[in-house]
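The values are calculated or read from the model by the stated rules, or taken from the named source; none is laboratory data. Note that this is a predicted model, so its numbers are computed, not measured. As a convention, Cβ positions derive from the backbone with ideal geometry for all residues, glycine included, and neighbour counts pool all protein chains shown. Heavy atoms of the whole protein, side chains included, go into the accessibility calculation; ligands, DNA and RNA do not. Shrake-Rupley method; radii C 1.70, N 1.55, O 1.52, S 1.80 Å.
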Amino acid sequence: MLISERMEGLNPYVPGEQPKDRTYIKLNANENPYAPSPKVKAALVDFINNKSDKLGLYPDPDSNELHAAIAEMLNKCGGVLCRANVDGTEVTPSEKDKIPFTVTPDMIYTGNGSDEVLSFVFYAFFSSNKKFVMPEHTYSFYPVYAGFYNIPYDAVPLKSDWTLDTEKMLELANKNKSGIIFANPNAPSSVGLTRDEVRKMLLKAPKDEIFIVDEAYVDFGGESCIPLIQEFDNLVIVRTFSKSLCGAGMRLGYIVSNPKLIEIVTTVKNSVNHFPIDALNQIAGKACCEDTAYYVKTSRDVAEVRDDFINFLRSKGYYVPQSLTNFVFCKKEDMDGDAVYKKIKENGILVRHFSTKGIEDFIRITIGTKEQMEELKKYM
């Protein structure tokens, strides 16, 4: 037999549609509609023009300057960009988001997008002989990695208002002494738990099992759990440059946790690829973090356009949970989700439809620019 039994059992992730045959307004992959900070382009141009010889050398395997820049960015904004205060180029966290300690570089791990980071987290902290707990409808790469690493899991249905059923998740976690993972705010449902609600979960969850909060979308209005890291030794927070930092094409993701857990994930990385972040991405990522004020503005712009679009959808009879992300999750009674998706696509706009049982009536719409959303409104 040519392939392994492991290969036969894989169920790969299906990304959002990537059009090749025509030009669409692309609102189906939760990308950011804005370009990265001009400082990112300037840093890359400077590197190519003046330091391109470094491309012949291996990059810093530990991404030290990038880790320091991420830590400084988090300290400035408190982990939630859209609520941060900006005075010129100076950024300070909102009162709600202040972190009661200083995030240090040894609390950061970076990888090639949060997907690779999640892969290493699954390998490091979940076991093939013990179930972990996650929501039934959440980021669809979680079950993919569970299958890849042969890890069993319990998937807990969301409540009728599309929030997490935290009581059931905790019940199963304590019954099986399981780790927990969920996105907060959640995808595709777009709603989130408060920091206090997550803290209450941590107090009741198994203390010697991992507790992972995926904060890919938190910068658009959620509440970061970074302030809880000092209190809970089992907490790992996964974040990404792909959403609020306008960097989906850069493929940068990171973890914030205590240094001991960062060392564990780094050990996994060094057993796979000792040089995961290339030289250009280290430069680009550092430049992103050094222009926090720019990303406060773009995150705030996305949130404002989102809230306007939610009001529009509700005025047209759509059911829309109150999103804390850069997308909306919506449906209209007596309308088939796939039919809505196809109608919008026929008019040159891509949104996302899931055929998954339980959410097949919904479509997920990424928030674009104000102009893009005005165009979409014509077909809703």
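Listing for the model above:
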| item | result |
| --- | --- |
| Filter result for the condition that a residue is within 30 Å of Glu371 (Cα to Cα) and more than 20 Å from the chain's Cα centre (by Cα), over Val14, Val80, Val40 | Val40 |
| The stretch 83-120, subset among the polar types (S, T, N, Q) and in a strand (DSSP E or B), residue surrounded by the most Cβ atoms within 10 Å (Cβ to Cβ) | Thr110 |
| For Ser189: the one exception among (1) of a type in the set (Ser, Thr, Tyr); (2) open to solvent by less than 10 Å² (accessible area, probe 1.4 Å); (3) more than 19 Å from the chain's Cα centre (by Cα) | (3) |
| Residue count, the stretch 49-62 (criterion: in a helix (DSSP H, G or I) and surrounded by 12 or more Cβ atoms within 10 Å (Cβ to Cβ)) | 2 |
| Strands (runs of 3 or more DSSP E) wholly inside the stretch 124-210 containing at least 2 residues that are touching a residue at least 40 places away in the same chain (Cβ under 8 Å) | 132-135, 180-183 |
| Leading residue by the ranking (nearest to Pro61 (Cα to Cα)) among those in the stretch 260-282 that are open to solvent by 50 Å² or more (accessible area, probe 1.4 Å) and not in a loop (DSSP other than H, G, I, E, B) | Asn270 |
| Which listed residue, of Val305, Val296, is closer than 28 Å to Arg364 by Cα and open to solvent by 10 Å² or more (accessible area, probe 1.4 Å) | Val305 |
| Pair list, Cβ < 6 Å and 6+ apart or interchain, from the stretch 351-380 residues that are of a type in the set (S, T, N, Q) to residues that are part of a loop (DSSP other than H, G, I, E, B) | Thr366/Leu27; Thr366/Asn30; Thr369/Pro33 |
| Criterion violated by Val238 - all others in (1) under 22 Å from Tyr153 (Cα atoms); (2) open to solvent by 10 Å² or more (accessible area, probe 1.4 Å) satisfied | (2) |
